[in-house]
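So the structure is just underneath, and the comments pick up after that.
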Amino acid sequence: MKIVLNKDTMKIEKEQDVVPFRNRVKEYAVKINMGLVNQTKLITAASELVRNMLKYANGGIVLIEAISQGRDNGIRLTFQDKGPGISDISLAMKDGYSSGKSLGVGLPGSKRLVNEFDIKSTIGEGTTVSIIKWKNG
Amino acid sequence: MDRIPILRMGKFLLVTIQIDLYDRLATNLEADLIQMVNKTEAKGVLIDISALSIVDSFMGRILGNIGSMSKIMDAETVVVGMQPAVAITLIELGLELKGVHTALNVEKGMDLLKEKITMYDEEPEELEDEDSVE
């Protein structure tokens, strides 16, 4: 059972929104006393995913939640966009694959940085990515 | 528009990134640096990222680009002061920062640049000697 302790939504529409968004995630992580390395991993993953959202879907909405499960606290981020969707998720999750001009580490890399990673996509409707980083994960 | 200042010190260019960069700022820095390398005929570029709490794949690519571009322009690039948490994250993310040299701090970075440059400087001097014999 995951209990939501605190939540916030942020609209991401332009690249200037990325830095304030990262700062907000940091505030949430600091509030639950997440260690520096885990904070950095979470914020880097968040940065990759938010950049994907801007690049492929012209932005979207991010839900930031402080959650608790048993004795563990963590941060859950849900990235929702109304972009073109991803036709082949397993291909998109592959290291080094990119449909754009980037390095192709965004999705697989952010998956490695967090504890739980979930991606759902429907062609023509959009993509939702949800990640969880536990405080001690 | 915001810009990251580039300082010139002899044959070197120094850049200290003090704020979290948004994309525009980072791409501007890339372009400005290459222009400066050209204009000042700098032999080395030192980038201090000790104040950066995050280096994602975009920023990693910018650093890599600066390294490769400077190389083509005959200048070496050293990235210094990376925070330990950033290093851990970069490797897990899958970025190895190929193409740029790294050093622990500004002092060591400077030493590394000087070393690289004297190493390359010695070769052309020998060539000049040969020319003078002719």
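Some notes on this structure:
- Residues being out of contact with any helix residue (DSSP H, G or I) (no Cβ under 6 Å at 6 or more places or on another chain) and without any contact (Cβ under 8 Å) to a residue 40 or more places away in the chain - total across the stretch A:71-96: 8
- Pairing each residue of the stretch B:85-109 that is at positive phi and more than 10 Å from chain A (Cβ to nearest Cβ) with any residue that is modelled with pLDDT under 95 and crowded, with 18+ Cβ neighbours inside 10 Å, provided the two are 6+ apart or on different chains, yields C-beta distances under 6 Å for B:99/B:64; B:99/B:67.
- All positions within the stretch A:41-88 that are open to solvent by 50 Å² or more (accessible area, probe 1.4 Å), in contact with a strand residue (DSSP E or B) (Cβ under 8 Å, 6 or more places away or on another chain) and part of a helix (DSSP H, G or I): A:56
- Subset of the stretch A:90-104 [modelled with pLDDT under 80 and facing another protein chain (nearest Cβ under 8 Å)]: A:102, A:103
- Some residue of the stretch B:106-120 being loosely packed, with under 14 Cβ neighbours inside 10 Å and either under 30 Å from residue A:34 (Cα atoms) or touching a Leu at 6+ places or on another chain (Cβ under 8 Å) (or both): no
- Residues in the stretch B:53-64 that are of a type outside the set (Ser, Thr, Tyr) and within 11 Å of another protein chain (Cβ to nearest Cβ) were compared, and the one that is farthest from residue B:23 (Cα to Cα) is B:64.
- Failed item, numbered, when residue B:42 is tested on (1) among the aliphatic types (A, V, I, L, M); (2) in a loop (DSSP other than H, G, I, E, B); (3) within 14 Å of another protein chain (Cβ to nearest Cβ): (3)
- Yes/no for residue B:40 being open to solvent by 10 Å² or more (accessible area, probe 1.4 Å), over 14 Å from residue B:109 (Cβ atoms) and in contact (Cβ under 8 Å) with a residue 24 or more places away in the chain: yes
- Count - residues of the stretch A:1-35 that are over 15 Å from the mean Cα position of the chain (by Cα), within 11 Å of another protein chain (Cβ to nearest Cβ) and surrounded by 15 or more Cβ atoms within 10 Å (Cβ to Cβ): 1
- Residue, farthest from the other protein chains (Cβ to nearest Cβ), within the stretch A:116-136, restricted to residues that are touching a Gly at 6+ places or on another chain (Cβ under 7 Å) and buried (at least 16 other Cβ atoms within 10 Å of the Cβ): A:126
- Looking only at residues of the stretch B:13-25 that are open to solvent by less than 40 Å² (accessible area, probe 1.4 Å) and more than 10 Å from chain A (Cβ to nearest Cβ), we find that the one that is modelled with the lowest pLDDT is B:17.
- When residue A:111 is tested against (1) outside any loop (DSSP other than H, G, I, E, B); (2) farther than 17 Å from residue B:90 by Cα; (3) open to solvent by 70 Å² or more (accessible area, probe 1.4 Å), just one condition goes unmet, and that condition is (2).
- Checking each residue in the stretch B:61-85 for being closer than 18 Å to residue B:109 by Cα and out of contact with any strand residue (DSSP E or B) (no Cβ under 8 Å at 6 or more places or on another chain) picks out B:64, B:68, B:74, B:83, B:84.
- Residue within the stretch B:71-80 that is more than 8 Å from chain A (Cβ to nearest Cβ), open to solvent by less than 40 Å² (accessible area, probe 1.4 Å), without any contact (Cβ under 8 Å) to a residue 24 or more places away in the chain and closer than 18 Å to residue B:5 by Cβ present: no
The values are calculated or read from the model by the stated rules, or taken from the named source; none is laboratory data. Worth saying up front: this structure is predicted, and the values here are computed from it rather than measured. All Cβ positions, glycine included, derive from the backbone under ideal geometry; neighbour counts span all protein chains shown. Only protein heavy atoms, including side chains, enter the accessible area calculation; ligands, DNA and RNA are left aside. Shrake-Rupley method; radii C 1.70, N 1.55, O 1.52, S 1.80 Å.
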